[in-house]
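Some notes on the structure that comes next.
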Amino acid sequence: MATYQPPTPEEVTALATEADHLQARIATPHGDIVFAFYAKDAPTHVAAFVKLARAGFYDGLTFHRVEPGFVIQGGCPEGTGSGGPGYRLKAEFNEHPHLQGTVAMARASSPDSAGSQFYICLEDARFLDRQYTVFGQVIEGLNAVQKVRPGDAMERIAIEAAV
């Protein structure tokens, strides 16, 4: 397996600035899911996600967790929910609420344990507010989010210019 490094402080600055004009497009069997980034509020998480996506880290990984009415989760290279990129990110909890379509980083019990796994809220989940780093919001493809089932692939995640 390839070795991945967290973004350097210089990369965080550059990628977070660039992310103001970017969006992520997740190709799934059910259609594309597009989300905008909250780079000002979670610059390290956004930079890490962009860096991993551009390196092809997510391509072919699955949504290993689907909790109806709650979240879909993916980004584990092992497909089990226990893997990551080989590093952990310091939490960047912020004021963005967990609403339908919110994109946030999953973590273990330690607040500073996020890596590559992320989730998308299927419905509002305000009890998660300020406990997980929210770094984006779905702007297109909520219907695809709702159709994801365990084991569905993220065929590709493209980082593209925002529309």
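Tabulated values for the structure
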| item | result |
| --- | --- |
| Residues (surrounded by 14 or more Cβ atoms within 10 Å (Cβ to Cβ) and of a type in the set (A, V, I, L, M)) located in the range 53-68 | A53, L61, V66 |
| Residue among V103, V46, V50, V71 that is within 13 Å of V134 (Cβ to Cβ), touching a helix residue (DSSP H, G or I) at 6+ places or on another chain (Cβ under 7 Å) and either among the hydrophobic types (A, V, I, L, M, F, W, C) or surrounded by fewer than 22 Cβ atoms within 10 Å (Cβ to Cβ) (or both) | V46 |
| Matching residues in the range 31-55 - criterion: being over 13 Å from M154 (Cα atoms) and either of a type in the set (S, T, Y) or in a helix (DSSP H, G or I) (or both) | Y38, P43, T44, H45, V46, A47, A48, F49, V50, K51, L52, R54 |
| Count of the range 120-138 residues which are buried (at least 17 other Cβ atoms within 10 Å of the Cβ) and outside any loop (DSSP other than H, G, I, E, B) | 8 |
| Selection count, the range 134-155, where residues are free of Cβ contacts under 8 Å to residues at least 40 places away in the same chain and closer than 12 Å to G74 by Cα | 0 |
| Residue satisfying condition, being of a type outside the set (S, T, Y) and buried (at least 17 other Cβ atoms within 10 Å of the Cβ), within set D41, D20 | D41 |
| Every pair of residues 6+ apart whose Cβ atoms lie under 6 Å, when the first sits in the range 122-133 and is of a type in the set (S, T, N, Q) while the second is part of a helix (DSSP H, G or I) | T133/H45 |
| Qualifying residue in the range 116-138 (condition: in contact with a His (Cβ under 6 Å, 6 or more places away or on another chain), at pLDDT 95 or above and among the small types (G, A, S)) | yes |
| Residue in the range 65-86 that is in contact with a Lys or Arg (Cβ under 9 Å, 6 or more places away or on another chain) and of a type in the set (K, R) present | no |
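The values are calculated or read from the model by the stated rules, or taken from the named source; none is laboratory data. Just so you know, these numbers come straight off a predicted model, no measurement behind them. Here Cβ is always computed from backbone atoms with ideal geometry, including for glycine, and neighbour counts include all displayed protein chains.
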